[in-house]
1. May I ask for the angle, rounded to the nearest 10°, between helix 190-203 and the longest principal axis of the chain, with both axes built from Cα atoms and the value confined to 0 to 90°?
2. Relative to the longest principal Cα axis of the chain, at what angle does helix 12-23 sit, 0 to 90 degrees, rounded to 10?
3. Go through region 49-54 residue by residue and turn each phi into a ³J(HN,Hα) via Karplus (6.51, -1.76, 1.60, θ = phi - 60°); whole Hz please, and just put x for glycine and proline.
4. Put Tyr215, Tyr21 in order of accessible area, largest first, 1.4 Å probe: what do you get?
5. About the Cα centre, and with charges only on the beta carbon of Lys, Arg (+1) and Asp, Glu (-1), how big is the dipole of the chain? Nearest 20 debye, please.
6. Could you list which residues have their amide H under 5 Å from that of Leu125, counting only those 5 or more apart in sequence or on another chain, with H placed in the peptide plane?
7. Sketch the reach of a paramagnetic label on Arg27 as a point 7 Å from Cα along Cα-to-Cβ, and name the residues of region 72-88 whose backbone nitrogen lies under 18 Å away.
8. Take Trp64, project a point 7 Å from its Cα along the Cβ direction, then tell me which residues of region 116-145 have their backbone nitrogen under 16 Å from it.
Amino acid sequence: MPTALVIGASRGIGLEFVRQYKAAGWRVIATARKAEDVAQLQALGCEAHAMDVTQLNDCAALGWQLDDEKLDVAILNAGVIGERSSGLQAPEQSLFDSTMQTNVLAAMRILPILLPLVDAAQGKLAVLSSRMGSIGLRESNASWLYRASKAAVNSVLKDVSLSAEKAVCVAFHPGWVRTDMGGANADLSPEQSVAGMRASLARFTRDDNGQFFNYDGAKLSW
Ligand SMILES: NC(=O)c1ccc[n+]([C@@H]2O[C@H](COP(=O)([O-])OP(=O)(O)OC[C@H]3O[C@@H](n4cnc5c(N)ncnc54)[C@H](OP(=O)(O)O)[C@@H]3O)[C@@H](O)[C@H]2O)c1
């Protein structure tokens, strides 16, 4: 039975990854930061751990909890929008810090822990990024703090991919998805977005290591 890990699985896209991998018969390990969300994941049949990705101790604990695991798929999904801005207002220091800690520093702590476990399974390691982080595709500066954080995590993912021996490491744009973050008017349901990313992950080969993809597997410019 293959194993998937989903980090940040309390709701939205992360929870949908859990549901779909469970429905496909996978063993699923999942994390959430609130006790009630950990309980929800256990009720879905997951091995669930409490984890706030901004907490160094929680990241270290994850390493212990996953000792000797082989992960066929590992997904770093947890993320925050930070602030919905238009124009070039400098963010508050505290908002900058919390957004970058969640979207970037957490990846720099967690991905090095996950990479050997995904390498061991010749598996797939994915970060939920955003097309808003692409510099090549940039046509707006709305929410520039979020854009900067996703551009930075793209850089982190690329660096991780350069240390991958057998894993395939990718960044995903999930589409514009109807979640708390995406809002009710977004294009895609979580079911559609996650089905697309799962199918893409299943198709990817080592040639795809270190690339940025749309949810449907189309290649995106960094
Ligand atoms: N929805 C879209 O249209 C869209 C588009 C592009 C990219 N994305 C990216 O896709 C990912 C998932 O987005 P979503 O739409 O599902 O967002 P969402 O509905 O706002 O859910 C965000 C998830 O991240 C978790 N999270 C946030 N901070 C965390 C922390 N410090 N520790 C642990 N978990 C934390 C949340 O947990 P809590 O419930 O505990 O807060 C929640 O599970 C994000 O990385 C987002 O940037 C989304």
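The values are calculated or read from the model by the stated rules, or taken from the named source; none is laboratory data. These numbers were taken from a predicted model, which means no experiment stands behind them. Don't worry about glycine lacking a Cβ; one is built from the backbone with ideal geometry, like all the others, and counts go over all protein chains shown. The protein model used for the area step is the full one, side chains on, heavy atoms only, and it has no ligands, DNA or RNA in it. Shrake-Rupley method; radii C 1.70, N 1.55, O 1.52, S 1.80 Å.
1. So the helix axis and the longest Cα principal axis differ by about 60 degrees.
2. The helix 12-23 is inclined about 20 degrees to the chain.
3. After applying 6.51 cos²θ - 1.76 cosθ + 1.60, I find 10, 7, 7, 9, 5, 8 Hz.
4. Working: Tyr215 50, Tyr21 5 Å².
Final ranking, largest accessible area leading: Tyr215, Tyr21.
5. Details: 21 positive and 23 negative charges, 94 e Å.
Its charge dipole is roughly 460 debye.
6. Ala74, Val168, Cys169, Val170
7. Residues passing the 18 Å test: 72-75.
8. Within reach of a label on Trp64, which here means backbone N under 16 Å from a point 7 Å along Cα→Cβ, region 116-145 contributes nothing.
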